[in-house]
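Peer 1: Pasting in a structure now, in structure tokens, and then I'll have a few things to ask.
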Amino acid sequence: MKCQACGNGNPANSGFCGMCGASFSVSTSGDIGAALSELPMVSFIDAVKLGLSKYFRFSGRSTRAEYWWWTLFVVIAGIVLAVVDTLTGTMGMFGDSGLLGALFELAILIPSFALGARRLHDINRSGWWQLLWLVPLIGWIVLIAWAIRRGDDGQNKYGPNPRQGILDRVAGF
């Protein structure tokens, strides 16, 4: 299936484009108004797939759902790996983390920063604002408040609205 937004080839059963994240959902009602409305929220599995498929992509925009589902994935995987590390006796090998936890943290470091940058782009902020994580409490509060905030409607300087359908982007709605 070829993406209408970026031209990337994707598997036939894909729900979204692996390159740009555009949804392939088709309205079954035959009503063009459905295609011109906001896309449904990305699922947990799709958010994890998008996070991993856009491993090094710091450009573009990501929705709140994509960001928070990814955060939930990181927390759940971290807890599961901490339990496994405790059971295998590798807990505490790398500071507070075990062997598997440390490897997982290392593996998701770049995609987490990339997703954070894309999330900030959705509210028309530079990804460099992630440096506020280094400012205890106040920086954390600001970044969490921005992560909760709904993204800009329409296109901004970082790209098209990830919640809009393909027809909205083409028609300029």
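Peer 1: Determine, yes or no, whether Ala34 is among the small types (Gly, Ala, Ser) and either assigned by TED's automatic domain parsing to the domain that holds Ala145 or at pLDDT 90 or above (or both). Give the steps one after another, and end with the answer.
Peer 2: Details: among the small types (Gly, Ala, Ser): yes; either assigned by TED's automatic domain parsing to the domain that holds Ala145 or at pLDDT 90 or above (or both): no.
Taking the combined requirement at face value, the residue does not satisfy it.
Peer 1: All but one of (1) in contact (Cβ under 8 Å) with a residue 12 or more places away in the chain; (2) part of a loop (DSSP other than H, G, I, E, B); (3) of a type outside the set (S, T, N, Q); (4) exposed (fewer than 14 other Cβ atoms within 10 Å of the Cβ) hold for Pro136; state the number of the condition that does not hold.
Peer 2: Looking at each condition in turn, Pro136 falls short on (1).
Peer 1: Now for a different question. Test each condition in (1) out of contact with any Phe, Trp or Tyr (no Cβ under 6 Å at 6 or more places or on another chain); (2) crowded, with 17+ Cβ neighbours inside 10 Å for Ala102 and report the one that comes out false.
Peer 2: Condition not satisfied by Ala102: (1).
Peer 1: Report, by residue number, each residue of the stretch 7-26 that is part of a loop (DSSP other than H, G, I, E, B) and modelled with pLDDT of 70 or more.
Peer 2: Selection gives Gly7, Asn8, Asn10, Pro11, Ala12, Asn13, Ser14, Gly15, Cys17.
Peer 1: Keeping to the stretch 39-67, report how many residues are surrounded by fewer than 17 Cβ atoms within 10 Å (Cβ to Cβ), farther than 19 Å from Ser14 by Cα and of a type outside the set (S, T, N, Q). Show your work before the answer.
Peer 2: In the first step, residues of the stretch 39-67 are kept if they are surrounded by fewer than 17 Cβ atoms within 10 Å (Cβ to Cβ); the result is 40-41, 43-45, 52-53, 55-56, 58-59.
Now restrict to residues that are farther than 19 Å from Ser14 by Cα: 56, 58-59.
Still in the list and also of a type outside the set (S, T, N, Q): 56, 58.
Qualifying residue count for the region: 2.
Peer 1: From (1) part of a helix (DSSP H, G or I); (2) without any contact (Cβ under 8 Å) to a residue 60 or more places away in the chain; (3) out of contact with any Leu (no Cβ under 9 Å at 6 or more places or on another chain), pick out the condition that doesn't hold for Asn124.
Peer 2: For Asn124, the failing item is (1).
Peer 1: Also: Report every pair of residues separated by at least 6 positions or lying on different chains whose Cβ atoms are under 8 Å apart, first residue within the stretch 68-83 and in contact (Cβ under 8 Å) with a residue 60 or more places away in the chain, second surrounded by fewer than 17 Cβ atoms within 10 Å (Cβ to Cβ) and assigned to a helix (DSSP H, G or I).
Peer 2: The qualifying pairs are Trp68/Ala147.
The values are calculated or read from the model by the stated rules, or taken from the named source; none is laboratory data. Here the structure is a predicted model, which means the values were calculated and not measured. Cβ coordinates were reconstructed from backbone atoms using ideal geometry, including for glycine residues, and neighbour counts include every protein chain displayed.
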